[in-house]
């Protein structure tokens, strides 16, 4: 009686994969049965919750600091724009604005 080598190879692969899946299922089942459940899992959950709480409180502090900085910058921009508008009204049309900069060379140019 002669068996096809392809069929034997597929049978070997099928047995190996099903054994691997069965081993994983049995290992997880035994792990669940072995644990006490309430004591070790609850302490683990409490530790995780403490870590999450610390991380979120740090994020909240950072967000509030960013908001304060944004408010400060908004006030600065508002005060600068009102000062600029006020100074434009005070300056005469012939005078340059104090906000206009001039290009003054630091090193004198040598003419050839």
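Readers should treat all values here as calculations from the given coordinates under stated rules, not as data from a laboratory. Here the structure is a predicted model, which means the values were calculated and not measured. No Cβ is skipped: glycine too gets one built from the backbone with ideal geometry, and neighbour counts run over all protein chains shown.
Between residue 25 and residue 55, the FRET efficiency from the beta-carbon distance, with R0 = 35 Å, is close to 0.50. Distance between the pseudo-spin-label points of residue 62 and residue 110 (7 Å out from Cα toward the beta carbon): 5.5 nm.
For the pair residue 85 and residue 40 in one chain, pulling the backbone fully straight at 0.36 nm per residue adds 9.4 nm over the alpha carbon distance.
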